[in-house]
1. Filter segment 96-133 for residues that are in contact with a helix residue (DSSP H, G or I) (Cβ under 6 Å, 6 or more places away or on another chain), more than 21 Å from P77 (Cβ to Cβ) and of a type in the set (S, T, Y) and give the result.
2. Tell me, please, whether a residue that is touching a residue at least 60 places away in the same chain (Cβ under 8 Å) and within 17 Å of the chain's Cα centre (by Cα) can be found in segment 21-34.
3. Considering I67, I121, which residue is modelled with pLDDT under 95, farther than 21 Å from P161 by Cβ and within 18 Å of the chain's Cα centre (by Cα)?
4. Select from segment 329-349 the residues that are buried (at least 22 other Cβ atoms within 10 Å of the Cβ) and over 17 Å from the mean Cα position of the chain (by Cα) and list them in ascending order.
5. Being part of a helix (DSSP H, G or I) and over 21 Å from the mean Cα position of the chain (by Cα) is true for just one of L218, L213. Which residue is that?
Amino acid sequence: MITAAPTALLALGALAALVIAVIVLRAVPKGAVVAWAVVLFLVPVWVGVSIGFFWYGITVLTAVLLIVLWAKVPLHPADGWIAAFLVVLSAMFVLKGVTLSVTVTAVLEWVVPYVWGRIIIARVDERWVMRTIAGVAVAAALLGIIEFSTSFNPWVLIPGPEPLYSTWSELQPRGGVLRVEGAFGHSIALGTTLAMSSAFVIAARWRPALTMLALSTLTAAVVLTFSRTGLVSLVLTVVLSVLLLPGLSRRLRAGVVGLGVVAVAVVVPVLDSVLGAAGEEADGSAGYRADLLVLLRQVDLFGNAGDWTSLVSGDQYLGYFARSTDNALLSIMLKIGAVPTLLLVAAIIGAVLMVFRRRGRSPAAIAVVGQLPSLVVVAMITQYGTFFWFCVGLAIASGTRTGDRSEDDLGPVRAGREPENRSRFGPGVSHDR
């Protein structure tokens with residue numbers, strides 16, 4: 001009885017706080033977007049709650065916001081592929097073809113963020129979403145630069161449950177230099193997420209000088225992750241943004257190109273020094289990813305590939321790859337099978353195809369395209385997977401909403417002039433409800 005009352009009071013207080021939070025988030029959807037972006041970029045995955053199983057903080061918030069801000073949106077074929085994936089996944093779970101852990105991960109870390117991306121701009125002005133993601137991403141990049149300068153990552157001081165904490169809190173060196181990880185628990189996850197965010201920075205339509213400063217900060221942070229995957233996806237995303245995003249002024253495009261030239265001159269010697277010092281470690285990392293392809297032989301059409309860690313294929317001992325499968329598509333196929341993975345790929349293709357339609361081009365679609373090479377060299381770890389699937393959903397939503405817009409609404413703006421209610425990324429009618 002002595003401990004029952006305080007426990008009950010704590011539970012009641014937590015419930016009351018949750019109810020208040022839900023009311024506030026529904027009343028202020030713009031604030032909900034800010035809260036989501038802050039948790040995504042600045043709260044590590046080992047911070048969360050245990051309700052049956054451990055929920056990441058970003059997973060809890062995304063699920064809550066999905067319920068609180070639910071809205072009807074025009075459907076797209078990609079939604080059908082995701083629905084088909086859920087049906088197949090459920091059937092495999094019932095037939096014990098996949099584990100509960102894999103099923104929960106697929107629903108909460110892939111499907112829920114996708115649906116959140118699909119509905120958010122029905123509730124909040126699209127430009128606000130773009131600018132919020134861009135602003136918080138730049139803040140995370142700035143903190144990453146400070147982390148590198150001080151050799152101190154404050155997020156590792158936040159306790160968390162095991163083995164999650166020990167898995168993601170360990171800092172990674174490369175060439176004798178600590179790689180920047182931020183709140184992402186891994187340098188590659190931070191680098192690729194910031195690379196995706198570069199499209200949002202360019203689309204934010206800030207003043208050119210501010211955009212250049214923000215993009216420089218983002219680039220510096222990606223460089224300091226010393227992740228080749230992050231750098232390649234950053235270059236690809238920025239190039240596609242400059243070439244394809246509608247409504248950018250010639251001044252901004254020229255500024256980004258100039259920044260790229262300067263960045264190459266500064267960054268290449270730094271990377272050459274660090275990666276050269278890393279030597280065999282960096283080369284071994286690349287070779288490891290190539291060797292992973294031997295696991296394709298273990299993939300089934302449906303369901304988990306089973307215990308392959310004790311097998312030998314050719315002259316390869318497969319247990320060597322048990323610790324990490326740094327290939328998102330291969331990792332998913334090993335967990336759920338080739339056919340369900342193809343359903344997910346079909347949804348991704350739906351987002352990619354948006355860039356081929358002028359009215360469907362958006363920073364989210366370009367961010368997804370920029371990550372296509374990464375999907376075969378990086379697993380969907382920590383917040384990276386959440387943000388990727390959010391961008392897939394947002395790309396579909398943005399392209400679907402522009403289906404009834406005229407081509408002129410997305411036309412370029414003369415150099416030196418700010419757009420006046422012409423682009424869907426510019427000022428317009430608020431969608432707050």
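1. Across segment 96-133, the qualifying residues are T103, T132.
2. Taking every residue of segment 21-34 in turn, at least one turns out to be touching a residue at least 60 places away in the same chain (Cβ under 8 Å) and within 17 Å of the chain's Cα centre (by Cα).
3. Values: I67 fails: within 18 Å of the chain's Cα centre (by Cα).
Step by step, each of I67, I121 is checked, and only I121 is modelled with pLDDT under 95, farther than 21 Å from P161 by Cβ and within 18 Å of the chain's Cα centre (by Cα).
4. Result: L330, M333, L334, I336, G337, P340.
5. Values: L218 fails: over 21 Å from the mean Cα position of the chain (by Cα).
Result: L213 is the single residue among L218, L213 that is part of a helix (DSSP H, G or I) and over 21 Å from the mean Cα position of the chain (by Cα).
So that you can scan it fast, the table gives a plain yes or no per residue for (1) at pLDDT 95 or above; (2) aliphatic (A, V, I, L, M); (3) closer than 26 Å to L271 by Cα; (4) out of contact with any Phe, Trp or Tyr (no Cβ under 8 Å at 6 or more places or on another chain):
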{"position": "V115", "(1), (2), (3), (4)": "yes, yes, no, yes"}
{"position": "R127", "(1), (2), (3), (4)": "no, no, no, no"}
{"position": "L142", "(1), (2), (3), (4)": "yes, yes, yes, yes"}
{"position": "L164", "(1), (2), (3), (4)": "no, yes, no, no"}
{"position": "G175", "(1), (2), (3), (4)": "no, no, yes, no"}
{"position": "S187", "(1), (2), (3), (4)": "no, no, yes, no"}
{"position": "L190", "(1), (2), (3), (4)": "yes, yes, yes, no"}
{"position": "R207", "(1), (2), (3), (4)": "no, no, no, yes"}
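The rows are residues; the columns are (1) assigned to a loop (DSSP other than H, G, I, E, B); (2) closer than 16 Å to F390 by Cβ.
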site: V33; (1), (2): no, yes
site: A37; (1), (2): no, yes
site: V64; (1), (2): no, yes
site: A71; (1), (2): yes, yes
site: P74; (1), (2): yes, no
site: M92; (1), (2): no, no
site: T105; (1), (2): no, yes
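For every residue, the table says whether it meets (1) among the β-branched types (V, I, T); (2) buried (at least 17 other Cβ atoms within 10 Å of the Cβ).
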| site | (1), (2) |
| --- | --- |
| V94 | yes, no |
| V104 | yes, no |
| Y114 | no, yes |
| G135 | no, yes |
| A139 | no, no |
| L142 | no, no |
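The values are calculated or read from the model by the stated rules, or taken from the named source; none is laboratory data. In this text, all values refer to a predicted model and were calculated from it rather than measured experimentally. In this analysis, Cβ positions are derived from the backbone assuming ideal geometry, glycine residues included, and neighbour counts consider all displayed protein chains.
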